[in-house]
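A.B. asks: This is the structure I have questions about; it appears just below.
The numbers here are math on the coordinates, done by the rules we state, and not lab data. Since the structure is predicted, the reported quantities are computational estimates derived from the model, not experimental observations. Reconstructed Cβ throughout: ideal geometry from the backbone, glycine too, with neighbour counts over all protein chains shown.
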Ligand code: A3P
């Protein structure tokens, strides 16, 4: 396996030399891969994951680009999907950051030369994972299986300020937009539950379960939880069952909770920057049907 790893290293080094290269506004090296600019630090994992990821039907995946509201969507989906698997007052969200509860394929699992044991790595059923990739770069085994995909996007300028956009519609993809979630969370939670195959019953609706999930996952509630104020979130593959190699990194949980506002970009971008971005957004999203 060590040899396989080394030869994949060499192959990767040769491969990236064929990709167009640039730098992001934060100074990160980017490679143009499958229609998107991909940070060099994750590209190898993206390709390994595309090669080796084996999707099992009836699992669910949250696909987002960073800073689109991933943390919120993880909280909402987890709380909705598994609501009958724990007592309400014991919702694990109260003690864990959503990134501990819904793991990232690509960051949290090691794919270098095979698919890790994803069947035995989550507590609840059906299994829920997340991924930070545009639709075009999703492993084909996800696209070809009955995986349900919940895809969330956000106004690119707010996404930029908070720190990409791609979409495709079909019955196995629920396409969500941050702005509309903010506007009316209850009706979107019902849509999400329906899509996940766990629609809210009339009884649950009468009892206010929808509102309760919206509230527990709200920015105001989550940002004030002890775990999210003081905790550190570990990404990577620390547990031996998930991988054979240790590679982890830590992010303070508070980094996932900034302002959660729409249009906060206007407080940071100059008119020149706005003009450039609007032009770019129009160019890229013109025929997408998306409006922000
Ligand atoms: P801002 O930086 O605009 O405040 P991600 O989870 O993909 O990294 O996205 C982070 C963005 O989602 C941040 O936006 C963060 O404040 C916002 N966010 C985090 N939790 C949220 C919640 N429960 N409800 C709404 N927005 C939330």
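A.B. asks: So residue 235 clears everything in (1) away from the ligand (no atom under 16 Å from the Cβ); (2) surrounded by 17 or more Cβ atoms within 10 Å (Cβ to Cβ) except one condition, right? Which one?
C.D. replies: Just one mismatch for residue 235, condition (1).
A.B. asks: Continuing with the same structure: If a residue counts only when it is within 16 Å of the ligand (Cβ to nearest atom) and over 15 Å from the mean Cα position of the chain (by Cα), which strands (runs of 3 or more DSSP E) contained entirely in region 19-69 have at least 1 such residues?
C.D. replies: By residue number, 36-39.
A.B. asks: Which ones in region 73-100 are assigned to a helix (DSSP H, G or I), more than 18 Å from residue 189 (Cβ to Cβ) and touching a strand residue (DSSP E or B) at 6+ places or on another chain (Cβ under 8 Å)?
C.D. replies: 99, 100
A.B. asks: Within region 133-154, track down each residue that is closer than 13 Å to residue 165 by Cβ and assigned to a loop (DSSP other than H, G, I, E, B).
C.D. replies: If the condition is that a residue be closer than 13 Å to residue 165 by Cβ and assigned to a loop (DSSP other than H, G, I, E, B), then 133, 134, 154 are the ones that fit.
A.B. asks: Still on this structure, I have one more. What about residue 229, is it outside any strand (DSSP E or B) and either within 15 Å of the ligand (Cβ to nearest atom) or exposed (fewer than 12 other Cβ atoms within 10 Å of the Cβ) (or both)?
C.D. replies: yes
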